[in-house]
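J.: I'd like to ask some things about the structure below.
The values are calculated or read from the model by the stated rules, or taken from the named source; none is laboratory data. Small disclaimer: the values here were computed from a predicted structure and weren't measured. We place every Cβ from the backbone using ideal geometry, glycine too, and count neighbours over all the protein chains shown. These accessible areas exclude ligands, DNA and RNA; they are computed on the full protein's heavy atoms, side chains included. Shrake-Rupley method; radii C 1.70, N 1.55, O 1.52, S 1.80 Å.
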Amino acid sequence: MNRIEQLFQRKDKNVLNIYFTAGYPGLNDTEDIILSLEKAGVDLVEVGMPYSDPLADGPTIQESGTAALENGMTLQLLFEQLAAVRKKTEMPLIMMGYFNQVMQYGEKAFFEKVAEVGVDGLILPDLPLFEYENHYKDLVESLGLAVSFLITPQTEPERIRKIDDLTHGFIYMVSSSSITGAKSEITDTQIAYFNRINDMHLKHKRLIGFGISNQQTFETACQYANGAIIGSAYIKALKNNPNVAECTAEFVKMVKG
Amino acid sequence: MRLIAVEAAGEGIHSGKSAATSVLGTKGVIHGSRTLLMQTADGQIVEPHSISAGLDYPGIGPLHAHLISSGRAEAISITDEESLEAALFLSRREGIIPALESAHALSALRVMKYEPTDVLVLCLSGRGDKDLATYMKHL
């Protein structure tokens with residue numbers, strides 16, 4: 001069982017997953033950010049592989065990705081950084097990116113490298129279920145990696161069941177039909193969707209992401225799922241205060257209240 | 001039947017300002033399709049260039065990529081300037097203002113060789129009224 005599955009065995013409420021873009025604000029901030037997030041009491045860290053065409057992401061994450069690429073971030077460097085971080089922490093780590101990055105690295109080589117450096121899970125929003133199931137699932141499972149698939153308010157129940165079968169770790173519940181980015185509140189329509197999913201009694205734990213940005217939205221998300229994922233709001237905080245340790249401590253305190 | 005695909009060379013295939021994907025692209029996944037696309041070795045998408053908005057894209061449709069890769073279709077490329085000349089030529093001769101995208105195909109007529117008995121079908125896929133601002137700049 002990998003670190004993500006272990007986490008959900010011992011904790012099923014108020015799980016806080018924080019996303020950051022690797023290479024932002026500084027090229028070599030990866031270690032500092034992950035260790036600061038751990039110190040601040042975050043449960044799970046999602047490491048964004050900066051990409052030129054981040055389909056699911058809003059302006060904040062897009063800008064951080066562009067800056068990270070300009071800083072010189074590459075997959076090879078990120079793997080080196082993560083291998084070094086893994087020697088210092090048992091924090092569950094997830095890599096998030098887009099399938100073309102995986103394909104150009106070489107799918108098999110990529111999955112093997114992810115496992116080798118001690119990363120526990122993957123989120124690849126544009127990897128179709130069919131492709132995963134027929135081409136990569138056996139390898140990914142044999143390496144002990146947990147792949148999280150996304151569901152949205154438009155996902156058909158049949159597909160949600162399929163995702164529940166294929167997932168290891170947790171299911172990523174996209175809070176609304178939009179891109180990533182902070183929103184001011186969670187609407188009644190979203191809550192109806194959260195309830196609908198709750199009523200399906202899925203096997204896997206669920207984290208709500210997209211639009212979660214502060215204590216209020218985090219608490220609401222936690223009422224309807226096992227926890228939440230915050231990305232853009234943290235990146236904005238880092239933009240305003242690039243002192244990673246200080247910024248991270250303040251930000252996580254703000255979210256957890 | 002020969003199939004001929006006409007791509008946007010932009011300011012020239014190797015000028016750094018081009019969208020000639022069949023020459024400059026490699027296999028990858030973009031916007032949900034596995035196709036040929038312009039990218040770095042790390043899989044980051046390279047910014048393309050074409051005077052026509054519809055061709056200013058780092059990839060091509062997967063069906064086109066397949067036809068070209070398998071050799072069923074031939075690909076040739078036409079520059080911004082050549083497409084403009086062809087568009088203005090058709091507008092003046094026939095009163096038909098083609099879209100800049102289609103003007104690339106029109107321009108290909110000048111560079112290809114035909115037999116007198118050949119039957120040609122050219123896809124004039126779009127209207128040029130959307131491109132008038134560009135045409136007026138180059139009149």
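J.: Across the stretch B:86-139, what is the total count of residues that are hydrophobic (A, V, I, L, M, F, W, C) and under 16 Å from B:Leu3 (Cα atoms)?
T.: 12
J.: So which residues in the stretch B:26-56 are of a type in the set (Gly, Ala, Ser), open to solvent by less than 40 Å² (accessible area, probe 1.4 Å) and away from every other protein chain (no Cβ under 11 Å), if there are any at all?
T.: B:Ser50, B:Ser52
Per-residue answers, yes or no, for (1) in contact with an Asp or Glu (Cβ under 7 Å, 6 or more places away or on another chain); (2) open to solvent by 60 Å² or more (accessible area, probe 1.4 Å); (3) without any contact (Cβ under 8 Å) to a residue 40 or more places away in the chain:
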{"residue": "B:His64", "(1), (2), (3)": "no, yes, no"}
{"residue": "B:Ser77", "(1), (2), (3)": "yes, no, no"}
{"residue": "B:Glu85", "(1), (2), (3)": "no, yes, yes"}
{"residue": "B:Arg93", "(1), (2), (3)": "no, yes, yes"}
{"residue": "B:Leu100", "(1), (2), (3)": "yes, no, no"}
{"residue": "B:Arg110", "(1), (2), (3)": "no, yes, yes"}
{"residue": "B:Glu115", "(1), (2), (3)": "no, yes, yes"}
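J.: Checking A:Pro50 against (1) outside any helix (DSSP H, G or I); (2) of a type outside the set (Asp, Glu); (3) touching a strand residue (DSSP E or B) at 6+ places or on another chain (Cβ under 6 Å); (4) away from every other protein chain (no Cβ under 14 Å), which test does it fail?
T.: Among (1) outside any helix (DSSP H, G or I); (2) of a type outside the set (Asp, Glu); (3) touching a strand residue (DSSP E or B) at 6+ places or on another chain (Cβ under 6 Å); (4) away from every other protein chain (no Cβ under 14 Å), A:Pro50 violates only (4).
J.: Now for a different question. Only one of (1) more than 11 Å from chain B (Cβ to nearest Cβ); (2) open to solvent by 10 Å² or more (accessible area, probe 1.4 Å); (3) in contact with a Pro (Cβ under 8 Å, 6 or more places away or on another chain) is not met by A:Thr66, so which one is it?
T.: Going through the list (1) more than 11 Å from chain B (Cβ to nearest Cβ); (2) open to solvent by 10 Å² or more (accessible area, probe 1.4 Å); (3) in contact with a Pro (Cβ under 8 Å, 6 or more places away or on another chain), A:Thr66 breaks only (1).
J.: Name the single residue that is nearest to A:Ala68 (Cα to Cα) among those in the stretch B:20-49 being polar (S, T, N, Q) and part of a loop (DSSP other than H, G, I, E, B).
T.: Among residues in the stretch B:20-49 that are polar (S, T, N, Q) and part of a loop (DSSP other than H, G, I, E, B), the one nearest to A:Ala68 (Cα to Cα) is B:Gln44.
J.: Now, a different point. Inside the stretch A:95-112, can you point out the residues that are among the aliphatic types (A, V, I, L, M) and touching a helix residue (DSSP H, G or I) at 6+ places or on another chain (Cβ under 7 Å)? Steps first, answer last, please.
T.: Kept after step one, since they are among the aliphatic types (A, V, I, L, M), are these residues of the stretch A:95-112: A:95-96, A:102-103, A:109.
Result: A:Met95, A:Val102.
One line per residue, one yes/no per condition, for (1) out of contact with any Ser or Thr (no Cβ under 7 Å at 6 or more places or on another chain); (2) part of a helix (DSSP H, G or I):
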| position | (1), (2) |
| --- | --- |
| B:Glu101 | no, yes |
| B:His104 | no, yes |
| B:Arg110 | yes, yes |
| B:Pro116 | yes, no |
| B:Val121 | yes, no |
| B:Leu124 | no, no |
| B:Leu132 | yes, yes |
| B:Tyr135 | yes, yes |
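J.: Please pick out the residue among A:Ser178, A:Ser142 that is open to solvent by 30 Å² or more (accessible area, probe 1.4 Å) and either within 22 Å of A:Arg196 (Cβ to Cβ) or basic (Lys, Arg) (or both).
T.: Numbers: A:Ser142 fails: either within 22 Å of A:Arg196 (Cβ to Cβ) or basic (Lys, Arg) (or both).
When all the criteria are applied, what remains is A:Ser178.
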